[in-house]
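Have a look at the structure below, then the notes.
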Amino acid sequence: MAAMDLDALASELAERLAKGLHAALGRLLELFDLRLTPELAGKLRKASAHVLHVVLHELVHPLAQEALPWLRELPDTDRIFVEELLARVVERAISLELRESLGKEAVLVESFEEQLAELGGYEQLRGLKMGVEDLRRLFSAFLAQADRPGWAREFAKHLLELKGRFLPGEGER
């Protein structure tokens, strides 16, 4: 398969998001029978910081599956542990970078507490024994090497090695 041009893909996705967002905003205003005012536009701009955050997180999944084909071979619990933790550290690292260039109001960066609460929502991760300091240390370890190409691949293997420390075996949950 031939490599695509990053600019072309980004433009295609941006256009799709822009069209979808326009249609969604129009429909939302209609459903709530509201007119767009400067005050409401400000609130919607603030809420839009979540959009890039969610897009970043969701883009990590197909990238991880492409870069880490061994994920498909793992039991669900192991795969979800690795993939969801990886998604959150990558999402956080890139969100912090984007905040520097786009501004704080443009990109949401969830707290470690929020990220842990989300992880706890996965049935396979119900027995997760990870605290805020554990997640903070994992993020710091990721960030320390984040400028290395391919680092996410190595970090995913590291996460898999740590799984037993943070998640009890099937019979223990």
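Structure data summary
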| quantity | calculated |
| --- | --- |
| Cα-Cα separations in the range 20-71 greater than 19 Å, expressed as whole percent | 46 |
| Surface per residue (accessible, 1.4 Å probe) for the chain, Å² | 66 |
| Carbon/sulfur fraction of accessible area - the range 81-131, other protein chains in place, 1.4 Å, % | 51 |
| Most mobile of Lys19, Lys43, Lys104 in a GNM of the chain (Cα contacts under 10 Å) | Lys19 |
| Per-residue [θ]222 nm for the chain (sum of -39500 (n - 2.57) over DSSP H runs n ≥ 4, rounded to 500) | -23500 deg cm²/dmol |
| Among (1) 88, 43, 35; (2) 72, 34, 27; (3) 55, 41, 29, the entry that matches Cα extents along the principal axes in Å as calculated here | (3) |
| Percent RCO, i.e. relative contact order, over the chain, from Cα pairs under 8 Å lying at least 6 residues apart | 23 |
| Full-extension gain in nm, Ala117 to Val51, via 0.36 nm per residue minus C-alpha separation | 21.8 nm |
| Geometric extent, Cα atoms of the range 11-105 - Rg, Dmax (angstrom) | 17.2, 51 |
| Gain on full stretching of the segment that runs from Glu100 to Ala24 - 0.36 nm per residue minus C-alpha separation | 24.5 nm |
| Rg/Rh for the range 51-110, where both radii come from Cα atoms and Rh is the Kirkwood radius | 1.06 |
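The values are calculated or read from the model by the stated rules, or taken from the named source; none is laboratory data. The model shown is predicted, which means the values in this text are computed figures rather than measured ones. These accessible areas exclude ligands, DNA and RNA; they are computed on the full protein's heavy atoms, side chains included. Shrake-Rupley method; radii C 1.70, N 1.55, O 1.52, S 1.80 Å.
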